[in-house]
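Input: one structure, supplied below.
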Amino acid sequence: MGKRQGIEVSIAIAEAARLARVDVVSAYPITPQTHVVEHLSEFVADGDLDAAYIPVESEHSAMSACVGAAAAGARTFTSTSAQGLALMHEILFIASGLRLPIVMALANRSLSAPLSIWNDQSDVMANRDCGWVQLFAENGQESCDFTIQAFRIGEDPRISLPVIVNFDGFILSHVIEPIEMPDQAEVDRYLPPFKPLRVLDVARPITIGPVGIPDIYTEAHMAQEDALLRSLDVTKEAWKEFDKVFGRRYEPVMCHDTGDAEVVFVIAGALTESVRTVAKNLRARGEKVGVASIKLWRPFPFDDLYGAIEKARAVVVIDRAMSFGGPGGPIALEVKSMLYNRPRKPAVVEFIAGLGGRNLPFEEIEGMYAKAKKIAEGGAAAPYEIVGLRA
């Protein structure tokens, strides 16, 4: 069995990629993900990982190299943040459209401008429709576990899609946490060798990614969409098997005291732990409040989330990115669309918080609950509120 140890979360992710026996790592350094690929380069240089490490001149090149490596049949990994992901944007769609199961650890960070190296989720939300399976980690243990699981999920022949593991920059990436690191035998038991569906090989020439004329383009995208939707069940299967091997259970939406809750917080990422602490304190004062933590962002787990919130009178959605010009944040938009044709419709109370790494004190979270409780009792709701906004 693996040993519990204090380890920086970025290093734990690098260790997880090493335990997954990746064949190729291609990456470009950018704050705050640099420690991930820095340690992977050390593993390769020291002979602790039998892999090719490809240093490149940009994140666009990094993802391009990953596409080539995965197309040639290599288990492939990369990592980036913020502007790096923005620079990869073009190639993200190529990776998913070609059905290449690349795994990327994304240290979530604010997008410029103004320039910010601090944490929010604007980078991933700007790429939510890129066709990748997307997971959100709440802590270091999940960041490590999801990295290993991502290979199992993405490489499943029923879907064959790339996977993003989101973990909060600085809040997680640079923090030392107690993490139960798996041992190699456990990972080998859980994660079989990569068997790609198709391989570029000069001895057996094939074409990958030809021109998509109008007669086939829509059908190709529908096949991609079908695969992404199927990945919901594949992910659940992978998590059940992970529980058998490692004894840690995951669900698309992890619920805490939602069964009888009149108000349920919906959130993704590391701030979930703060929200859960506040909810626990409110429970101790007799308030019926729960927390639904989204682990699987794409495909969106509509039924799982609805099951967590359908009995509530109000739902507090905390977004950590803006959808400029739209009615609220990205997660809130998904929640409202999910409820449109449902028999029960809790009031959706939207907050945008923690932009650019701004602190979210416990009292602000309690204030969200108080406002949601009033709305649940018949008060009017604003379209959304940006928490902590200075005059």
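The values are calculated or read from the model by the stated rules, or taken from the named source; none is laboratory data. Small disclaimer: the values here were computed from a predicted structure and weren't measured. Ideal geometry is used to build each Cβ from the backbone, glycine not excepted, and the neighbour counts take in all protein chains shown.
Please verify whether the stretch 239-250 includes one or more residues that are of a type in the set (A, V, I, L, M), touching a residue at least 60 places away in the same chain (Cβ under 8 Å) and closer than 29 Å to M181 by Cα. Spell out the reasoning first.
Looking only at the stretch 239-250, we keep the residues that are of a type in the set (A, V, I, L, M), and these are 245.
Filter once more, keeping what is touching a residue at least 60 places away in the same chain (Cβ under 8 Å): none.
So far as the stretch 239-250 goes, no, none of its residues is of a type in the set (A, V, I, L, M), touching a residue at least 60 places away in the same chain (Cβ under 8 Å) and closer than 29 Å to M181 by Cα.
For the structure I just gave you, tell me whether F351 is part of a loop (DSSP other than H, G, I, E, B), under 26 Å from R109 (Cβ atoms) and not assigned by TED's automatic domain parsing to the domain that holds A113. I'd like the intermediate steps shown before the answer.
Working: part of a loop (DSSP other than H, G, I, E, B): no; under 26 Å from R109 (Cβ atoms): yes; not assigned by TED's automatic domain parsing to the domain that holds A113: yes.
Here the answer is no, as F351 does not meet what is asked.
Filter the stretch 33-48 down to residues that are crowded, with 23+ Cβ neighbours inside 10 Å and of a type outside the set (S, T, N, Q) and give me whichever is nearest to the chain's Cα centre (by Cα). Let's see the steps before the verdict.
First, pick out the residues of the stretch 33-48 that are crowded, with 23+ Cβ neighbours inside 10 Å: 33, 36-37, 40.
Subset that is of a type outside the set (S, T, N, Q): 36-37, 40.
Values: V36: 16, V37: 18, L40: 21 Å.
Taking the candidates together, the pick is V36.
A further question follows. Looking only at residues in the stretch 128-178 that are of a type in the set (D, E, K, R) and within 14 Å of A20 (Cβ to Cβ), which one is nearest to the chain's Cα centre (by Cα)?
Of everything passing the filter in the stretch 128-178, D145 is nearest to the chain's Cα centre (by Cα).
Filter the stretch 306-341 for residues that are of a type in the set (D, E, K, R) and farther than 21 Å from M254 by Cβ and give the result. Please lay out each step first, then the result.
First pass over the stretch 306-341, keeping only residues of a type in the set (D, E, K, R): 310-311, 313, 319-320, 334, 336.
Residues satisfying the conditions are R313, K336.
Which ones in the stretch 46-65 are farther than 30 Å from P114 by Cα and either in contact with a helix residue (DSSP H, G or I) (Cβ under 9 Å, 6 or more places away or on another chain) or of a type in the set (D, E) (or both)?
Scanning the stretch 46-65 gives D46, D48, L49, D50, A51, A52, Y53, I54.
Looking only at the stretch 159-215, filter to residues that are of a type in the set (S, T, Y) and either modelled with pLDDT of 95 or more or surrounded by 14 or more Cβ atoms within 10 Å (Cβ to Cβ) (or both); which one of those is nearest to D120 (Cα to Cα)?
Our first condition is that a residue be of a type in the set (S, T, Y); within the stretch 159-215, this holds for 160, 173, 190, 207.
The next check asks that each one be either modelled with pLDDT of 95 or more or surrounded by 14 or more Cβ atoms within 10 Å (Cβ to Cβ) (or both); those that pass are 160, 173, 190.
On the way: S160: 29, S173: 13, Y190: 32 Å.
Going through the qualifying residues, I end up with S173.
Which numbered condition trips up G269, out of (1) loosely packed, with under 13 Cβ neighbours inside 10 Å; (2) at pLDDT 95 or above; (3) of a type in the set (G, A, S)?
Looking at each condition in turn, G269 falls short on (1).
Taking the stretch 315-343 as the search range and keeping residues that are aliphatic (A, V, I, L, M) and outside any helix (DSSP H, G or I), which one is farthest from G357 (Cα to Cα)? Give the steps one after another, and end with the answer.
Filtering the stretch 315-343 for residues aliphatic (A, V, I, L, M) gives 315-318, 321-322, 331-333, 335, 338-339.
Subsequent filtering for residues that are outside any helix (DSSP H, G or I) retains 315-318, 321-322.
Values: V315: 24, V316: 20, V317: 18, I318: 14, A321: 11, M322: 14 Å.
The residue in question is V315.
Shifting gears a bit: Inspect all residues belonging to the stretch 237-255 and state whether any of them is out of contact with any His (no Cβ under 7 Å at 6 or more places or on another chain), modelled with pLDDT of 95 or more and farther than 30 Å from L100 by Cα.
Within the stretch 237-255, the first condition is being out of contact with any His (no Cβ under 7 Å at 6 or more places or on another chain), and the residues that meet it are 237-255.
Filter once more, so that each one left must be modelled with pLDDT of 95 or more: 237-255.
Subsequent filtering for residues that are farther than 30 Å from L100 by Cα retains 255.
Scanning the stretch 237-255 turns up at least one residue that is out of contact with any His (no Cβ under 7 Å at 6 or more places or on another chain), modelled with pLDDT of 95 or more and farther than 30 Å from L100 by Cα.
So which of L360, L305 is outside any helix (DSSP H, G or I) and either buried (at least 17 other Cβ atoms within 10 Å of the Cβ) or assigned by TED's automatic domain parsing to the domain that holds T31 (or both)? So that I can check it myself, show each step before the final result.
On the way: L305 fails: outside any helix (DSSP H, G or I).
On inspection, the qualifying residue turns out to be L360.
At least 1 residues that are outside the structural domain of P330 (by TED's automatic domain parsing) and more than 24 Å from E155 (Cα to Cα) in each: list the helices (runs of 4 or more DSSP H) lying fully within the stretch 17-131 that qualify. Quick ask: steps written out before the conclusion?
Details: elements: 34-45, 59-71, 82-97, 122-125.
Fully inside the stretch 17-131 and qualifying: 34-45, 82-97, 122-125.
Does A292 qualify as being crowded, with 19+ Cβ neighbours inside 10 Å, free of Cβ contacts under 8 Å to residues at least 40 places away in the same chain and either not hydrophobic (A, V, I, L, M, F, W, C) or not in a helix (DSSP H, G or I) (or both)?
Values: crowded, with 19+ Cβ neighbours inside 10 Å: yes; free of Cβ contacts under 8 Å to residues at least 40 places away in the same chain: yes; either not hydrophobic (A, V, I, L, M, F, W, C) or not in a helix (DSSP H, G or I) (or both): yes.
Yes; evaluated as a whole, the condition is true for this residue.
Is there any pair with a first residue in the stretch 183-194 that is in contact (Cβ under 8 Å) with a residue 24 or more places away in the chain and in the same structural domain as A16 (by TED's automatic domain parsing) and a second that is among the basic types (K, R) and in a helix (DSSP H, G or I) whose Cβ atoms are under 7 Å apart and which are 6 or more apart or on different chains, and what are they?
Close Cβ pairs satisfying both conditions: Y190/R152; L191/R152.
If you scan the stretch 181-234, which residues turn out to be outside any loop (DSSP other than H, G, I, E, B), hydroxyl-bearing (S, T, Y) and farther than 30 Å from N139 by Cα?
Y217, T218
Please identify the pairs in which a residue from the stretch 299-325 that is among the hydroxyl-bearing types (S, T, Y) has its Cβ atom under 7 Å from the Cβ atom of a residue that is in a helix (DSSP H, G or I), counting only partners at least 6 apart or on another chain.
Here the result reads Y306/M338; S323/P330; S323/L333, each pair linking the stretch 299-325 to a residue that is in a helix (DSSP H, G or I).
Also, I was wondering about something else. So, in the stretch 280-289, of the ones that are part of a loop (DSSP other than H, G, I, E, B) and among the charged types (D, E, K, R), which residue ends up surrounded by the fewest Cβ atoms within 10 Å (Cβ to Cβ)? Walk me through how you get there before you give the answer.
Let us first name the residues in the stretch 280-289 that are part of a loop (DSSP other than H, G, I, E, B), namely 285-288.
In the following step, the residues that additionally are among the charged types (D, E, K, R) were identified as 285, 287-288.
Details: R285: 7, E287: 16, K288: 17.
Ranking the qualifying residues of the stretch 280-289, first place goes to R285.
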